[in-house]
């Protein structure tokens, strides 16, 4: 069985709706499964299951145990919550072949059709992350220690959109890989809080050899996908990448808060409110920074939770 995984909670409800509306506009049949990011997912679950045919990952106890185990192996000091590794559950879920999509994305085609490339490959990505070198993924230590070759490092990718197959490795093999990462934290570039991306790249580059970046597919260079690229041209409700003369397959607002004034806001707004009236006013979001005292209290509470679990 083939399908699409997403990770969401109530906090990203609007983003989730925009993504699902874009998927369902072009494809109403491919199964979609949501992995809750945390315990606050009742509202988003009710909407996505009733309106967009989404199912909830069937074994949430497994997901939580998996993420807690990964966090205990390699997480404390790098991730503020075990939930950052929720997408690792995709490897062990119901879909034999699957596509994972972050919810700060909208798509412009029947995106699941890209799974056809899994006939010849075991892992797909679709971005130009590699043009930035190893920044936000690895440090130069992986070159100095010969962990990866220069050729392998040309395959680094953004972990917000990828496709693969179930059971390419076991749960224990995943734990062993995380232990390798924990023993060599100097390999990873977490300087810009890229959360799971460095470890995810390590797992894929180490253990999956049959990989394809769709922007370098055999039939020619593919379009870009990052919302930070200013050169895309609008054509109706889609975008064209004039550098390659091809339609953009999906747009990813990685590193951006999706709000009025952000890049390609009109595109996101179109899909979010497809079939309903757009708001006439958007309340300004004010991000409040926690005080030093509150951050200390949160850290103590987190330590207490970990002690309780152990």
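The values are calculated or read from the model by the stated rules, or taken from the named source; none is laboratory data. Just so it is clear, the model here is predicted, and its values are computed rather than measured. Note that each Cβ is placed from the backbone with ideal geometry, even for glycine, and that neighbours are counted across all protein chains shown.
Any residue in the stretch 14-28 that's at negative phi and at pLDDT 95 or above: show its pairings with residues that are surrounded by fewer than 18 Cβ atoms within 10 Å (Cβ to Cβ) and not in a helix (DSSP H, G or I) at Cβ separation under 6 Å, as long as the two are six or more apart or on different chains.
20/52; 21/274; 24/52; 26/109; 26/110; 27/110
For the stretch 181-197, what are the residues that are assigned to a helix (DSSP H, G or I) and either touching a helix residue (DSSP H, G or I) at 6+ places or on another chain (Cβ under 8 Å) or without any contact (Cβ under 8 Å) to a residue 24 or more places away in the chain (or both)?
181, 182, 183, 186, 187
Within the stretch 71-95, which residues are assigned to a loop (DSSP other than H, G, I, E, B) and closer than 16 Å to residue 41 by Cβ?
Result: 81, single match.
Yes or no, residue by residue, for (1) free of Cβ contacts under 8 Å to residues at least 24 places away in the same chain; (2) surrounded by fewer than 21 Cβ atoms within 10 Å (Cβ to Cβ); (3) in contact with a strand residue (DSSP E or B) (Cβ under 7 Å, 6 or more places away or on another chain); (4) under 20 Å from residue 247 (Cβ atoms):
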| residue | (1), (2), (3), (4) |
| --- | --- |
| 81 | no, yes, no, no |
| 106 | no, no, yes, yes |
| 111 | no, no, yes, yes |
| 119 | yes, yes, no, no |
| 123 | no, no, yes, no |
| 152 | no, yes, no, no |
| 160 | no, no, yes, yes |
| 168 | no, yes, no, no |
| 176 | yes, yes, no, no |
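Looking at the stretch 1-19 only, could you name the residues that are in contact with a strand residue (DSSP E or B) (Cβ under 7 Å, 6 or more places away or on another chain) and crowded, with 21+ Cβ neighbours inside 10 Å?
Answer for the stretch 1-19, where residues must be in contact with a strand residue (DSSP E or B) (Cβ under 7 Å, 6 or more places away or on another chain) and crowded, with 21+ Cβ neighbours inside 10 Å: 4, 5, 6, 7, 8, 9, 16, 18, 19.
With 236, 222 as the choices, which residue is surrounded by fewer than 21 Cβ atoms within 10 Å (Cβ to Cβ) and closer than 15 Å to residue 162 by Cβ?
None of the others qualify; the one that does is 222.
Pairs only if they're at least six apart or on different chains, beta carbon under 9 angstrom, first in the stretch 217-229 and on the phi > 0 side of the Ramachandran plot and assigned to a loop (DSSP other than H, G, I, E, B), second surrounded by 14 or more Cβ atoms within 10 Å (Cβ to Cβ) and at pLDDT 95 or above; list them, first residue then second.
Sorted first by the residue in the stretch 217-229, then by its partner, the pairs are 220/244; 220/246.
Would you mind telling me which numbered condition in (1) touching a strand residue (DSSP E or B) at 6+ places or on another chain (Cβ under 9 Å); (2) more than 20 Å from residue 136 (Cβ to Cβ); (3) assigned to a loop (DSSP other than H, G, I, E, B) residue 212 fails?
The number of the failed condition is (3).
From the list 73, 101, pick out the single residue that is under 23 Å from residue 166 (Cα atoms), buried (at least 17 other Cβ atoms within 10 Å of the Cβ) and at pLDDT 95 or above.
101
Only one of these is free of Cβ contacts under 8 Å to residues at least 12 places away in the same chain and assigned to a loop (DSSP other than H, G, I, E, B): 135, 146. Name it.
146
Which numbered condition in (1) surrounded by 14 or more Cβ atoms within 10 Å (Cβ to Cβ); (2) within 30 Å of residue 243 (Cβ to Cβ) is the only one that residue 206 fails?
With respect to (1) surrounded by 14 or more Cβ atoms within 10 Å (Cβ to Cβ); (2) within 30 Å of residue 243 (Cβ to Cβ), residue 206 is out only on (2).
Inside the stretch 31-54, can you point out the residues that are closer than 19 Å to residue 89 by Cβ and over 16 Å from the mean Cα position of the chain (by Cα)?
31, 39, 40, 41, 44, 45, 48, 49, 54
If only one of 41, 28 is within 25 Å of residue 251 (Cα to Cα), surrounded by fewer than 16 Cβ atoms within 10 Å (Cβ to Cβ) and out of contact with any strand residue (DSSP E or B) (no Cβ under 6 Å at 6 or more places or on another chain), which one is it?
So the residue among 41, 28 that is within 25 Å of residue 251 (Cα to Cα), surrounded by fewer than 16 Cβ atoms within 10 Å (Cβ to Cβ) and out of contact with any strand residue (DSSP E or B) (no Cβ under 6 Å at 6 or more places or on another chain) is 28.
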